[in-house]
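The values are calculated or read from the model by the stated rules, or taken from the named source; none is laboratory data. All values derive from a computational prediction rather than experimental measurement. Quick reminder, even Gly has a Cβ in these numbers, built from the backbone with ideal geometry, and neighbours come from all protein chains shown. SASA here: full protein model, heavy atoms, side chains in, ligands and nucleic acids out. Shrake-Rupley method; radii C 1.70, N 1.55, O 1.52, S 1.80 Å.
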There are 4 protein chains.
Amino acid sequence: MTERDLDSIKLRLRRFAEERDWDKFHSPKNLSMALIAEAAELVEHFQWLTEEQSHSLTADKLDEVAQELADIQIYLVRLADRLNVDLLQAVEKKLELNAEKYPAEKVRGSSKKYTEYQGDS
Amino acid sequence: MTERDLDSIKLRLRRFAEERDWDKFHSPKNLSMALIAEAAELVEHFQWLTEEQSHSLTADKLDEVAQELADIQIYLVRLADRLNVDLLQAVEKKLELNAEKYPAEKVRGSSKKYTEYQGDS
Amino acid sequence: MTERDLDSIKLRLRRFAEERDWDKFHSPKNLSMALIAEAAELVEHFQWLTEEQSHSLTADKLDEVAQELADIQIYLVRLADRLNVDLLQAVEKKLELNAEKYPAEKVRGSSKKYTEYQGDS
Amino acid sequence: MTERDLDSIKLRLRRFAEERDWDKFHSPKNLSMALIAEAAELVEHFQWLTEEQSHSLTADKLDEVAQELADIQIYLVRLADRLNVDLLQAVEKKLELNAEKYPAEKVRGSSKKYTEYQGDS
């Protein structure tokens, strides 16, 4: 894990952009656009599939989807870096918030309750 | 890092969903929708700012943005898990592909070249 | 229909922006971000529903969804105007292209074929 | 205008889907995904451009952008039809709401005020 974690990715993306003189394109605004464009490529893979079909992709399709997931992760790390946000710390904080916000005993199982709770977010 | 890495997040999200009986909502199709909805909340923060302004957010705004980044990371990990995709391995592979695809000496600095190269993706 | 068509909306949006001195925020880049943010609010309404549920919304929910549709239409007209694109003419052209691209006899019924054909686009 | 307005487009899209037996794919949920995927293709055209550059696209680029706008319009009309929403009536209502919500004399010119007001929405 030492070579592959988010910090290592962050540093490699920095070097990648520097070597290409791409920092000037990587404003947080622009990166947010690039990130959502990648998220949409993910959505495209699933838009005509049923939920059930979306669970059992062919190997080729899964490989394409994995690449989209990677693209999103890359832009996410890059954007967090450009904003000096510690991504894992932000996740940690959010997980704690979510645990308070959606107490298991209150929201269990019901889609309606789930949707309502989500609606607050 | 041992307690905070992506694998740990994955396991906590699994438990979180199980305790709430939410697995049934977490089809890859649905999760791709939730992910792009979070990406859009990020975009919303930046849509009326100039690129320059997007670099220097107020502390409050930055805190909100960090929460959106966390939400995206959370859904990304969850979606990868539901598809049995190793997210870090996918990133590794993508970084290698990008290094081949955008050789520094060929794409350096020019926005035009950058856009064209991006356009291939 | 004379008072409510897209041209009339275009003119009203122009006046609306002028009266508020908002033209400076309405670059095509920014408007594309605003548009996708609205599209995501639409997606959010459907993300935890089954396809079947998405056909039969409650009256309240439908009203909210109608507002999102309106927001998208508004930004779409505004963006087309800022780019001097004739939206209806563009649609006309696209419908003709689609008729050629997806001949009924070839793509009928099969989800697989549908997806493949979509994949070309 | 008689042949090209939104009602005419709606009817043509209905026939198009029927002839191809595609109604079964056109749940509101799926159409919301298709719509945001098209919105993202629009965003992609602008993501590495400055706001200024986004105002003055080349003819080729503008043609591509016009096609994305058309795709969004097409899915928007189709989705409204599947939900039995009168799109123009919804726009009418929204424009009236916006006029109340953003009184010209209060929000004029200031980006800060603009953003705050938008933030309410």
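Numbers below:
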| quantity | calculated |
| --- | --- |
| Nearest-ten-degree value, helix B:6-20 long axis tilted from longest Cα axis of chain B | 40 |
| Expected 222 nm ellipticity per residue - DSSP helices of 4 or more, -39500 (n - 2.57), all of chain C, to 500 | -24000 deg cm²/dmol |
| Estimated distance in nm for a label pair at D:Glu100 and C:Glu105, the labels positioned 7 Å out from Cα along Cα-to-Cβ | 5.6 |
| Partner chain coverage, peptide A:17-23 - average Cβ within 10 angstrom | 5 |
| Hull volume in cubic angstrom per residue (convex hull over the Cα atoms of chain C) | 170 |
| Degrees separating the helix B:111-120 axis from the principal Cα axis of chain B, which is the longest one | 50 |
| Shielding of A:71-82 by partner chains, average beta-carbon count, 10 Å | 5 |
| Calculated label separations, B:Lys93, copies of the chain, 7 Å along the beta-carbon direction, nm | 3.4, 3.8, 4.7 |
| Cα gyration tensor, the stretch A:50-95 - rounded (a/c under 1.5), prolate or oblate | oblate |
| Accessible carbon and sulfur surface of the protein assembly as shown relative to its total accessible area, %, 1.4 Å | 46 |
| Folded to 0 to 90 degrees: helix C:87-101 orientation relative to chain C principal axis, Cα | 10 |
| Restraint check, C:Lys101/D:Lys29; A:Lys93/D:Lys29; C:Lys94/D:Lys10; A:Lys29/A:Lys61; A:Lys29/C:Lys61, Cα-Cα greater than 20 Å | C:Lys101/D:Lys29; A:Lys93/D:Lys29; A:Lys29/A:Lys61; A:Lys29/C:Lys61 |
| Per residue accessible area in Å² of the protein assembly as shown, where ligands, DNA and RNA are left out and the probe is 1.4 Å | 45 |
| 10 Å Cβ neighbours from other chains, averaged over peptide C:55-65 | 2 |
| Test item: Cα-centred dipole of chain D, Lys/Arg +1 and Asp/Glu -1 on Cβ, debye | 460 |
| Among A:Lys106, A:Lys94, A:Lys29, residue whose mean-square fluctuation peaks in a GNM of chain A (springs only between Cα atoms under 10 Å) | A:Lys106 |
| Size of the B/A contact, given as accessible area buried on both chains, probe 1.4 Å, in Å² | 6700 |
| Heavy-atom SASA rank of D:Lys10, D:Lys93 (probe 1.4 Å, accessible area, largest first) | D:Lys93, D:Lys10 |
| Cα-based shape type of the stretch B:1-64, given that a ≥ b ≥ c are square roots of the gyration tensor eigenvalues and the cut on a/c is 1.5 | oblate |
| Chain lengthening between B:Thr50 and B:Gln89 when straightened (0.36 nm per residue, less Cα-Cα) | 10.5 nm |
